[in-house]
Amino acid sequence: MLSEKKGLTNALLAYNFVYQSADRQESIMISDKINFDPTKLALMKIHDWHTGPYPARVRIALAEKNLQSRVQFVSVNLYKGEHKKAAFLAKNYSGTLPVLELDDGTFIAECTAITEYLDALDGSTILTGKTPREKGVIHMMSKRAELELLDAISVYFHHATPGLGPDVEIYQNAEWGFRQRDKALRGMHYFDAVLQKQPFIAGEFFSMADITVIGGLIFAEIVKLPVPAECLALLAWYARMEERPSVKNRVTMSEPNQASV
Ligand code: GTS
């Protein structure tokens, strides 16, 4: 806990510095000087499901931040509806995965919130932005990736396919599901246009916004909704993303630390 507090103080110092400086290179150098020792961090728990697209987002963030060793995974079986049972709802009112549990008993749900927390620990916010401008653009693009792609595919999965099975999918509206599928396809074209102009979703470097679109394309594979062949920039970007170790190893990441519920 002590180091975590130190990490957060350092994060604030780094943020103040960056606020005064418009020079990203300089800010990276300063942030990299922060003396952060992840082995002193109290062990955290991630409640998730190993193949889930949303859990993938936090697993990728963990690996990008090199924090895998500080986490124990707790498997919550979506197909048995464990995420809708009272024990889990006490951890996350929304009944969704993933959830981060801190050693002081705090539960943090929502992929973006968890990513922001993990990213701030070492004072070097490489995923969520260093300057106010970067933070704003990354947040916007990540939210857009949820609205226009990932969440839309999720609605399609739960409403217009068998989803998690009849015991979990107690209300389905296929028409709404198909509309959301079409919205996701439009979203793919939008992100293709973005990537025709810049190498990453929020600009010149990899960020949380890329992770959110990756989550969307992982979900698209699960529901067999291929990226349209004409979306060449999006396809080329995804091929690059799939080569990142954080993306490649996301499912096997939990094996050494897996705990049962
Ligand atoms: N807004 C939430 C977030 O960003 O964390 C959405 C989380 C979410 O929908 N998670 C999925 C879930 O719990 C997990 S997975 O489908 O990707 O594995 N779905 C179960 C359900 O019943 O909605």
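A short reminder: the numbers here are calculations on the coordinates, not readings from a lab. If you're wondering where the values come from, they're calculated on a predicted model, not measured in any experiment. Glycine also receives a Cβ, built like all others from the backbone with ideal geometry; neighbour counts cover every protein chain displayed.
Through the Karplus equation 6.51 cos²θ - 1.76 cosθ + 1.60, θ set to phi - 60°, convert the phi angles of region 112-129 into ³J(HN,Hα) values in whole Hz; use x for Gly and Pro.
Ordered by residue, 3J(HN,Hα) equals 5, 5, 5, 4, 4, 4, 4, 5, 7, 4, 9, x, 10, 7, 6, 9, 10, x Hz.
Which GluC sites (Glu not before Pro) in region 26-121 pass both tests, a DSSP loop state and at most 10 other beta-carbon atoms within 10 Å? Intermediate results must be reported in sequence, preceding the final value.
On the way: sites: 26, 64, 82, 101, 110, 116; in loops: 110.
Listed in order of number, the matching sites amount to none.
Calculate, in nm to one decimal, what residue 239 and residue 140 gain on full extension: separation in residues at 0.36 nm each, minus their alpha carbon distance. Kindly include the intermediate steps, with their values, before the conclusion.
Details: separation 99, 0.36 × 99 = 35.64 nm, distance 2.36 nm.
Computed gain between residue 239 and residue 140 is 33.3 nm.
Quick one: which residues, 5 or more positions from residue 67 or on another chain, have an amide H under 5 Å from its amide H? H modelled 1.01 Å from N in the peptide plane, none for Pro or chain starts.
Here nothing satisfies the definition.
According to the Kirkwood expression over distinct Cα-Cα pairs, how big is the hydrodynamic radius of region 132-244, in Å? Please report the intermediate quantities before stating the final value.
Values: mean 1/r = 0.0695 Å⁻¹.
The answer is 14.4 Å.
Given the Cα-Cα distance of residue 175 and residue 37 and 0.36 nm per residue of separation, how much length would full extension add, in nm? Don't jump to the answer; show the numbers that get you there.
Details: separation 138, 0.36 × 138 = 49.68 nm, distance 5.10 nm.
Working it through step by step, the gained length comes to 44.6 nm.
Aspartates and glutamates within cross-link reach of residue 91: Cα-Cα under 13 Å, excluding same-chain residues under 8 positions apart?
Candidates past the 8-residue exclusion: 48, 82, 101, 110.
If you add up the charges near residue 94, with Lys and Arg at +1 and Asp and Glu at -1, over every other residue whose beta carbon is less than 13 angstrom from its beta carbon, what do you get? Show your work: numbers first, answer last.
Values: positive: 84, 91; negative: 110, 151.
Every neighbour counted, the sum reads 0.
So how strong a dipole does region 132-244 carry about its Cα centre when Lys and Arg Cβ are +1 and Asp and Glu Cβ are -1, to the nearest 20 debye?
Numbers: 12 positive and 15 negative charges, 66 e Å.
So the magnitude is around 320 debye.
Only loop residues by DSSP count here, and only those with at most 11 other Cβ atoms within 10 Å; note down the trypsin sites (Lys or Arg not before Pro) in region 186-256 that meet that. Before the final figure, lay out the partial values.
Values: sites: 186, 197, 224, 240, 248, 250; in loops: 224, 250.
Taking region 186-256 and a limit of 11 other Cβ atoms within 10 Å, the loop trypsin sites (Lys or Arg not before Pro) found are 224.
Quick one: length gained pulling residue 221 to residue 186 fully straight, 0.36 nm per residue minus the C-alpha distance? Display every interim value, and only then the final one.
Numbers: separation 35, 0.36 × 35 = 12.60 nm, distance 1.62 nm.
Residue separation times 0.36 nm, minus the Cα-Cα distance, leaves 11.0 nm.
For the residues 211, 114, 126, 218, what sequence is obtained by ranking on other C-beta atoms within 10 Å, fewest first?
126, 114, 218, 211
Taking neighbour counts of Cβ atoms within 10 Å as a proxy for exposure, in what order, fewest first, do 60, 138 appear?
Details: 60 29, 138 26.
The order, fewest Cβ neighbours first, is 138, 60.
Filter the chymotrypsin sites (Phe, Trp or Tyr not before Pro) in region 70-122 down to the DSSP loop ones having no more than 16 other Cβ atoms within 10 Å, then list what survives.
Numbers: sites: 73, 79, 88, 93, 107, 117; in loops: 93.
Here the chymotrypsin sites (Phe, Trp or Tyr not before Pro) that fit, given the DSSP loop and packing criteria, are 93.
For residue 248, go through the lysines and keep the ones whose alpha-carbon is under 16 Å away, minus same-chain ones fewer than eight residues off.
Result set, ordered by chain and number: 65.
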